[in-house]
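To keep things clear, I will list the structure first and then write my remarks on it.
Values quoted throughout were computed directly from the atomic coordinates according to the rules given, and no laboratory measurement underlies them. Nothing here was measured: the structure is a model prediction, and the numbers come from that model. A quick note on method: Cβ atoms are made from the backbone with ideal geometry, for glycine too, and the neighbour counts reach across all protein chains shown.
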Amino acid sequence: WYQRRVREAVVSTQSTGELEGCRAAEQEIKRLKEVMGGNVASANDQIANTVSSLPELMEKKKRVDMHINIATSLSESIKSRSLDKFFEVEEKIMTKATLEDSVLELLKNPDLGTPDDKMRLFVIYYLNTSDLPDSELKMYMDTLEEIGCNVGCIKHLSKLKKVASMANVGSSSIQPAGGSYSSMSNMFKYVKQSSKFMMDGVKNLVVGHRKLPVTRIVDCLAELKQSSETDGYMTLDPKIYKKTEGMTPSVKNTFSDVYVFVVGGGNYVEYQNLMAYQEQHPGKNIVYGSSEIMDSANLLKQLNDLGQMS
């Protein structure tokens, strides 16, 4: 009996407390109504609208907080790695502008970026320098190794540049007259174009307002423009039955729907560049895909792996 009375007293106390809480909330609502001018119907509507909009407002706040956190993290990363400085230097290298500090000084600066950032900077510089002596190249590679960089990618890019140079010499010295000579000339042309395409893709990691190789090719093919970059592309049209000379049937109409697929590594830089091109050409619908999506770290890793294999 005693325990039952105690439980009843506890429940009664809790109920009384809840009732007092309800009465306090009611009084607070009445006070709000009076503050809002005494218009009870209007006050009820405003309160109901406020309460019903709370979930939507909370969801919006959650999205805003998420974007603020992402922007804050990006800002801190840019500041800590001096990415704005790298962007400025890479733009000057691409446009052949004068650098305030030499690339070697930037690589030796311990307060500037990460080893991968410095490696990407040198890759852009190396691919934009046609006459870098072997002794100077070795000096750069020694500096990069001292700061912890894997220079295997430089070895691979060096071989690519030599292959491109050989292709230039071969294509200019061999005059196709049919047969094996024509096949050899086509081989040199293919090697030259593929190596140039790869190096242009690496050089254009810093996009700015330029068109990347894939965007230039899409523009030429979709708009039926003549370009050496699209000489090796075929046109396959089931409505055209006769095979024309050069394996390229005559096409009169431009293309509005474009599907781009990269056999190998694709990246968001190419995708963004294509989307910018699409915005500049109303009516164009472009879909982009690839065997895999690469970021800058994976690109360097693959180049390093190729350098060790070659």
Given the C-alpha centroids of segment 269-310 and segment 76-144, what is the distance between them in whole angstrom?
22
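For a quick protection proxy, order the peptides 91-102, 123-134 by their average other-Cβ count within 10 Å, most packed first.
Working: 91-102: 12.0, 123-134: 14.8.
Per-residue Cβ counts within 10 Å, averaged per peptide and sorted highest first, yield 123-134, 91-102.
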